[in-house]
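The values are calculated or read from the model by the stated rules, or taken from the named source; none is laboratory data. Every value quoted in this text rests on a predicted model; they were computed, and no experiment measured them. Cβ sites come from the backbone with ideal geometry, for glycine too, and all protein chains shown count toward neighbours.
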Amino acid sequence: MDTPLTVVDVRGTPEQMGLAYGESAAGPIKENVVAYLGRFARTAGLDRAAVAARGAAFGETTRGHFPRLAAMLDGVARGAGVAPSLIYAINARSELLYGDPACGSPGGSGAGGEQGECTSLGVVAPRSAGGRTLLAQNWDWHPAHRDVNLLLVTEDERGHRVAALAEAGMLAKAGLNSAGVGVCVNLLGCDRDGRPGGVPYHVLLRSVLEADSLSWAIRNAMRAPRSASINLLVGQAHPAGGEVIDLELVPGEAGWLHPVDGVLVHANHFEAPLPVYDTIKDWGGSSLFRSARARRLLSAYPDPLRLQDLRAVLEDHHSHPVSICRHADERDAEDDRSETIWTILMDLDVRTITLVAGPPCSGSEGTTVAI
């Protein structure tokens, strides 16, 4: 897969960074907004006016809880020449597509797909080579959205740097920062989804990367109100050995998981004992075996684990095409088709992120950026 990686590197205050981001990526941002307006209409029955209204509401919650991130998003809107409500709407695309249980679930939009499929891995000492803290994931999404993704690199006026994969106009997906904090993400779904008043999914993700410690990353994620379920695998490097934790966050509730023998893995179903109904029970799918299989594959490596070992696990094809290394399944409806469009590999100790376009079995070395 030879999809070129666009890198947007901006500096300054949140407003300045947002404005520069919007100006640099105006074309892809507008393209992404148009694409999601179509998906919102087809999947959730939301026309442009309804999307704008929902986006404006998400803008208010963002300003109330994360004013610096709101300033950045407002700058993105100005720089790209897009209505702010639509920028907030695409940052809340998970809520608009899946936040209402009546509109679908992490199992897809109701036609049997698995749009929520992602697999995240975390490894710490003593299981990791050199005692490093490693994160990796496959991000599985509709292949039509691959070309409007970018690597967003920012440095604010305090010197805090962030590098994150992002859909154009959004603030983050998986990524890491100059404090050695990193995050991977998996979609979840439960019967509490759809509550009003939440912070957008991708703003919540970015708030983790704004933190200068694992403690504050957890605080930012857990204190924010939520309208949709989200899973965050968060870690931070440390000279004496790093740490990772998995947070299963739903509206009004939270659960967490710790590494076992230095390994932590998550897919798209709940594993902590939360008092919610996991909507994957209505859909089934590969999540029910992917996390267990990834743990078993990792345990088969006798030597300390390296990033290339994590990638090898993410290339696994058991149950192809609906496997850890996901490929589009032509039996799914067009809007439900999904494949691994990016693989993300992060070494939090040396502050590097590697992005591989397409399913990781492609053989591409990917692009590595250090911050």
For residues that are buried (at least 24 other Cβ atoms within 10 Å of the Cβ) and either out of contact with any Lys or Arg (no Cβ under 6 Å at 6 or more places or on another chain) or acidic (D, E) (or both), tally how many sit in the range 213-229. 4
So, in the range 337-371, how many residues would count as being crowded, with 19+ Cβ neighbours inside 10 Å and under 16 Å from D316 (Cβ atoms)? 9
Of (1) closer than 25 Å to T340 by Cα; (2) in contact with a helix residue (DSSP H, G or I) (Cβ under 6 Å, 6 or more places away or on another chain); (3) modelled with pLDDT of 60 or more; (4) not in a helix (DSSP H, G or I), A125 satisfies all except one. Which? (1)
For the range 133-150, indicate whether the set of residues that are surrounded by fewer than 22 Cβ atoms within 10 Å (Cβ to Cβ) and modelled with pLDDT of 95 or more is non-empty. no
Would you confirm, using the coordinates I've provided, whether T43 is touching a Pro at 6+ places or on another chain (Cβ under 9 Å) and among the polar types (S, T, N, Q)? no
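Per-residue answers, yes or no, for (1) modelled with pLDDT of 95 or more; (2) part of a loop (DSSP other than H, G, I, E, B); (3) not hydrophobic (A, V, I, L, M, F, W, C):
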residue	(1), (2), (3)
G159	yes, yes, yes
L165	yes, no, no
A172	yes, yes, no
V208	yes, no, no
D212	yes, yes, yes
A221	yes, no, no
What helices (runs of 4 or more DSSP H) completely inside the range 1-117 contain at least 1 residues that are modelled with pLDDT of 95 or more, surrounded by 22 or more Cβ atoms within 10 Å (Cβ to Cβ) and among the β-branched types (V, I, T)? 26-39, 48-65, 67-80, 84-91
Looking at L274, L232, L257, L288, can you tell me which residue is touching a Gly at 6+ places or on another chain (Cβ under 6 Å) and aliphatic (A, V, I, L, M)? L274
Considering every residue within the range 193-203, establish whether at least one is on the phi > 0 side of the Ramachandran plot and either surrounded by 21 or more Cβ atoms within 10 Å (Cβ to Cβ) or not in a strand (DSSP E or B) (or both). yes
With respect to the numbered conditions (1) within 18 Å of W139 (Cα to Cα); (2) part of a helix (DSSP H, G or I), which one is the sole condition not fulfilled by C184? (2)
